[in-house]
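The values are calculated or read from the model by the stated rules, or taken from the named source; none is laboratory data. Note that this is a predicted model, so its numbers are computed, not measured. Using ideal geometry, Cβ is built from the backbone for each residue, glycine included, and neighbour counts are taken over all protein chains shown.
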Amino acid sequence: MGNSKVRDLKIDILSDNWYTLKKATFEYQNKDGEWQPQSREAYDRGNGATILLFNKEEQTVILTRQFRMPTYLNGNETGMMIEACAGLLDEDSPEACIKREAEEETGYRIREVCKIFEAYMSPGSVTEIIYFFTGEYSREMKVSDGGGVESEHENIEVLEIPFSEAMAMITDGRIKDGKTIALLLYAQANALLVPDKP
């Protein structure tokens, strides 16, 4: 820990039922030099990776749809979310992870991926860093139906969507997942795909 404005850090485990919920108590030095006691909770589920699979010739992307309980609890009427393929690193490197997840979730065996950036997606409460990738897919890379790992109770629907429609889905609210929005906007900004192609 390298922040001289933090001292007397103590970590308590509140829950380790699924992942780990930690409570951090500490003192933080404000701009006037005063040390103030503070308390924060952080959810640690490990780090993850995500990928936008795109086909430049067809101007399409591969996304997934699955049930997400936290969104259901927060007003998402069906709990269904349209997302880019993603998963936790576990013991793998980010690149190995996202190749594995792409095949498990979408059925495409991707040979080459390009890391574009990494980001904390919810730094106020979650420790996770997500590594963002893009990768081109083609028909001959399809090796299975995808859908996720049955033993992990994954029920994932694979969607192939025109890029122009995916961009419209951000605007009209059908896509509300932050990592997916970031990837689609990256693809647009860097001309990986062209949303208005006739």
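Residue count for the stretch 180-194 under the criterion of being part of a helix (DSSP H, G or I) and surrounded by fewer than 20 Cβ atoms within 10 Å (Cβ to Cβ): the result is 6.
Is it true that GLY75 is under 21 Å from the mean Cα position of the chain (by Cα), of a type in the set (Gly, Ala, Ser) and surrounded by fewer than 14 Cβ atoms within 10 Å (Cβ to Cβ)?
yes
Residue count for the stretch 110-130, restricted to those that are surrounded by fewer than 15 Cβ atoms within 10 Å (Cβ to Cβ) and either within 20 Å of MET141 (Cβ to Cβ) or outside the structural domain of SER144 (by TED's automatic domain parsing) (or both): 4.
The requirement of being in contact (Cβ under 8 Å) with a residue 40 or more places away in the chain, over 30 Å from LYS23 (Cβ atoms), buried (at least 16 other Cβ atoms within 10 Å of the Cβ) and among the small types (Gly, Ala, Ser) is fulfilled nowhere in the stretch 85-101; no residue meets it. Taking the stretch 1-19 as the range and being over 16 Å from THR127 (Cβ atoms) and among the polar types (S, T, N, Q) as the test, the residues that pass are SER4, ASN17. Checking each residue in the stretch 88-130 for being in a helix (DSSP H, G or I) and either over 13 Å from the mean Cα position of the chain (by Cα) or over 25 Å from GLU160 (Cα atoms) (or both) picks out GLU95, ALA96, LYS99, ARG100, GLU103, GLU104, GLU105, THR106. Do we have MET141 as within 18 Å of the chain's Cα centre (by Cα) and either buried (at least 17 other Cβ atoms within 10 Å of the Cβ) or touching a residue at least 40 places away in the same chain (Cβ under 8 Å) (or both) here? Judged against the criteria, MET141 is not a match. Residues of the stretch 18-53 that are of a type in the set (Lys, Arg) and surrounded by fewer than 15 Cβ atoms within 10 Å (Cβ to Cβ): LYS23, LYS31, ARG40, ARG45. If you go through the stretch 144-173 and keep only what is surrounded by 15 or more Cβ atoms within 10 Å (Cβ to Cβ) and over 21 Å from GLY107 (Cβ atoms), you end up with SER164, MET167, MET169, ILE170. Report whether or not PRO70 is assigned by TED's automatic domain parsing to the domain that holds ALA166 and either closer than 27 Å to LEU14 by Cβ or in contact with an Asp or Glu (Cβ under 9 Å, 6 or more places away or on another chain) (or both). Here the answer is yes, as PRO70 does meet what is asked.
Each residue in the stretch 183-198 was checked for being closer than 22 Å to GLN66 by Cβ and in contact with a Phe, Trp or Tyr (Cβ under 7 Å, 6 or more places away or on another chain), and 2 of them qualify.
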